[in-house]
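Trainee: Just dropping this structure here.
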Amino acid sequence: MNAAPLSPYHAARWARDRHVEELENRIRYLRALVFILVAVTAIGVHGAVTLARQSRIVPYIVEVDRLGQTRAIGRVEEVPPPAERHIRRDLARFVEAMRTVTTDPVAQNALIDRSFTFTRGAARSYVDEYFSVPGNSPHAISRHLIRRVNVRTVRRMAGSTNTWEIGWEESEVPLRGGTATVRAWQGTARTAVIPPKDEPELLANEFSIYITDLSWAPIGEGEKIDLRDARGAMDAAADQRLREAWRAERAPRPDSASPTP
């Protein structure tokens with residue numbers, strides 16, 4: 001027995017319901033696809049951020065001959081910690097860069113950049129605070145004097161593995177002459193080895209030695225030196241050397257002495 005034909009109303013309703021059902025299926029499919037794409041994107045972003053935060057510098061040792069030709073290349077599987085002499089050298093370089101004042105603005109900017117290169121954490125805040133004081137600006141100081149730094153001692157503090165005492169002298173010479181000042185300074189620095197994040201950071205600090213805590217202070221009032229007296233002493237010493245050289249030139253030489261009869 002054949003089914004009765006649908007009325008136009010029921011046929012239209014059936015077609016509408018079928019169309020709505022197809023749309024709902026498509027929407028569910030698109031929602032699932034969007035969820036999968038969002039999950040994959042999130043995983044990819046997380047992986048990229050994780051890789052970016054990790055050190056990707058792979059050191060190699062390259063051996064060359066006298067002519068500069070490569071003889072052997074080997075990957076360093078484990079980078080050894082820096083030797084004590086390297087830490088002493090970098091601490092001395094930091095103090096010289098931090099405290100030196102020169103009249104050359106380009107050289108002064110290079111020294112300031114170098115001083116920031118060696119600092120992290122509390123030491124970076126200490127350096128920022130120091131340079132934020134107008135009276136400590138090397139460019140302002142260089143308008144009336146220059147400062148030379150001579151590091152005397154860099155030694156590890158007793159009972160510590162990463163805290164160092166640094167002693168140095170600062171000579172401040174006025175540009176227009178007058179009285180120079182020589183003063184002793186002492187500082188304390190705490191160091192840490194932090195792996196480089198990229199090649200520029202590795203080239204700027206090859207041993208990855210960073211100062212994480214820092215303080216310094218002058219010792220005493222310093223010594224005043226009259227530049228006119230110093231210049232006179234230098235002139236007298238130079239004159240004495242010229243006289244000695246003249247006497248040595250005038251003295252008879254062994255090969256020109258008269259033979260003994």
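Nothing in this text is a laboratory measurement; each read-out follows from the coordinates by a stated rule. All figures in this text were calculated on a predicted structure; none of them were measured in a lab. Using ideal geometry, Cβ is built from the backbone for each residue, glycine included, and neighbour counts are taken over all protein chains shown.
Trainee: Sort 179-192, 155-168 by packing, meaning the average of other beta carbons within 10 Å per residue, with the highest value first.
Mentor: Details: 179-192: 17.5, 155-168: 13.6.
Ranking, from highest mean packing down: 179-192, 155-168.
Trainee: Right, next: Can you give the Kirkwood hydrodynamic radius of region 71-179 from its Cα pairs, in Å with one decimal? Kindly include the intermediate steps, with their values, before the conclusion.
Mentor: Working: mean 1/r = 0.0621 Å⁻¹.
Its Kirkwood hydrodynamic radius stands at 16.1 Å.
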